[in-house]
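Where a number appears in this text, it was derived from the coordinates with a stated rule and is not lab data. Since this is a predicted model, take the numbers as computed values, not measurements. Every residue, glycine among them, receives a Cβ derived from its backbone with ideal geometry; neighbour counts consider all protein chains shown.
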Amino acid sequence: MIDAAFRSFQAAGPMEQFEILPIVELTFGGLDISFTNSALWMTIGVGLIVAFFYAATRRRTLIPGRTQSIAEILHEFVANLVRDTIGHDGKKFFPYVFTLFIFILVANYVGLLPSIPGAPHELHTFTTTSHIIVTFALAMVTITIVLIYGFAKNGLKFLKLFAPSGLPIWLMPILVPIEIISFLSRPISLGVRLFANMLAGHIILKLFAGFVIALLGAGGFASVLAIAPFLGSVAIFLLEFLVAALQAYVFAILTCIYLSDAAHAAEH
Amino acid sequence: MEVEAAKLIGAGIAAIPLAGAGVGLGLIFGNFLAGAFRNPSAAAANQQTMLLAFALTEFTGLLGFVIAMIILYAF
C-alpha cells in the first residue's frame with residue numbers, strides 16, 4: 001500500500017495541487033468558460049459564508065446565541081478596523097471591506113481542508129487564493145475604488161497624495177516619481193502578497209507530506225525517521241492556519257489604509 | 001552552461017532574499033517585544049502596526065520566492 005502511495009506521490013509533484021481542471025466543460029462563443037475546480041471551491045466558500053450568515057441572522061435575539069455571537073464578533077472586528085483606519089468617512093466602505101475579509105478568510109481556510117482520499121483529481125481541495133488572477137482581481141477592485149473615490153471626493157487635489165505639503169521644492173523631482181511608483185506598485189504588492197503566501201504555504205505542506213511518504217517507502221530504519229517530517233508538516237499546518245487568517249486581515253487593513261489615503265488626500 | 005542547470009542555480013540565488021526577510025522579521029518582533037515589556041499597557045494598541053509591518057517585510061522574502069518560481073516554471 002505504501003509502495004502505491006509512493007508511486008502516486010512520484011506522479012504528483014508539489015505544483016500539481018494548483019492545476020485548474022474543468023469539471024463541466026463549457027464553451028461560449030469560442031471562449032472556454034468551463035466550470036473548473038477553482039470555480040467549484042469558490043462556490044463552496046461563498047455558499048458556506050451565505051449559509052453561516054443566514055443561520056446567524058435568522059433568529060436575531062438581543063442576547064445572542066453561539067452562531068449569532070460569532071457573526072457579531074466578526075462584524076465588530078471589521079467595523080473597528082474600518083473605523084480606526086479610515087475614520088468617519090469609512091462607514092460606507094464597511095460592506096466592501098467586510099465582504100473582502102470574509103471571502104479571503106473562508107477561501108484560505110477552505111483550501112486547508114484535506115482532500116477526500118481516492119477522490120478524482122478535479123475534486124481535490126483547491127485554494128482559490130493561490131492563483132494570482134484571483135488575488136490580483138481583488139486588488140484591482142480595491143485600487144479602482146480608491147481611484148474613483150479619490151478623484152470624486154477630492155477632485156484634482158487627489159494628486160496631492162504624490163506631493164505631500166511642506167516638501168522643499170528641490171526634493172519634488174526626486175520624491176514625486178518615487179511616490180507615483182509606490183502607488184502604482186500597490187495593486188501588485190497587494191495581490192502578490194496573498195497569492196505568494198498561499199502558494200508557498202501549500203507547496204511546503206505538500207513537500208513535507210511527500211518526505212513522509214518517501215521515507216516510509218524506503219523501508220527499514222528510514223521509515224522510523226518519517227516521524228520527523230510528519231511532525232514538521234503538522235507544525236507547518238499550524239503556521240498556515242495562522243497565516244490564512246493573518247493574510248485576510250492584512251488584505252483588509254491595507255485596503256482600509258489605501259481607502260483612507262483616498263479619503264484624506266486633500267488634507268495632506 | 002546548460003540552460004537547465006543555469007535555471008536551478010538562478011532559482012537558488014533567488015532564495016537569498018529570505019535572509020533579509022528573516023533579519024527584518026526578527027527586528028520587528030524583537031523590537032515589538034522589547035517595547036511591549038517596557039510598557040505592556042501600550043502593547044495592544046500597537047499590535048496592528050506590528051502585523052502590518054510583518055506583512056510588508058514578509059513580502060520581500062516572498063518576492064524572492066515568486067522570482068524563483070518564475071525562473072523554474074515560466075521560462
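Overview of values
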{"quantity": "Farthest toward positive dipole pole in the stretch A:1-141 [+1 Lys/Arg, -1 Asp/Glu at C-beta], among A:Gly111, A:Thr57, A:Tyr96", "calculated": "A:Thr57"}
{"quantity": "Residues A:Leu21 and B:Met1, FRET efficiency given R0 of 56 Å [Cβ-Cβ distance, rounded to 0.05]", "calculated": "0.95"}
{"quantity": "Cα-projected label distance for A:Arg83 with A:Tyr54, points at 7 Å along beta-carbon direction, nm", "calculated": "3.1"}
{"quantity": "Relative contact order computed over chain B (Cα-Cα under 8 Å; 6+ residues apart), in percent", "calculated": "56"}
{"quantity": "Ranked by how many other beta carbons lie within 10 Å on average, peptides A:19-27, A:157-165 from highest", "calculated": "A:157-165, A:19-27"}
{"quantity": "Separation in nanometres of the label points that stand 7 Å from Cα toward Cβ, at A:Thr61 and B:Ala74", "calculated": "5.4"}
{"quantity": "Approximate spin-label separation A:Leu239-A:Leu167, in nm, with each point projected 7 Å along Cα-to-Cβ", "calculated": "3.9"}
{"quantity": "Other-chain or far-sequence residues with amide H under 5 Å of A:Ile23's (modelled H)", "calculated": "A:Phe35, A:Thr36, A:Asn37"}
{"quantity": "Computed FRET value (nearest 0.05) for A:Ser185 with A:Leu159, which takes r as the C-beta separation and R₀ as 22 Å", "calculated": "0.80"}
{"quantity": "Relative contact order %, the stretch A:192-243, counting alpha carbon pairs below 8 Å whose residues are six or more apart", "calculated": "37"}
{"quantity": "Positive minus negative residues near A:Ala71 (Lys, Arg vs Asp, Glu; Cβ under 15 Å)", "calculated": "+2"}
{"quantity": "Signed unit charges on C-beta, dipole axis of the protein assembly as shown, positive-most listed residue A:Pro229, B:Leu8, A:Gln247", "calculated": "A:Gln247"}
{"quantity": "Assigned charges on the beta-carbon of Lys, Arg, Asp, Glu; the protein assembly as shown dipole about Cα centre (debye)", "calculated": "1000"}
{"quantity": "Vicinal HN-Hα couplings computed from phi for the stretch B:66-75 (Karplus, 6.51 cos²θ - 1.76 cosθ + 1.60; Hz; Gly/Pro x)", "calculated": "4, 5, 4, 5, 5, 4, 6, 10, 8, 8"}
{"quantity": "Peptides ranked, highest mean first, by Cβ atoms within 10 Å: ranges A:180-191, A:52-63, A:138-149", "calculated": "A:138-149, A:180-191, A:52-63"}
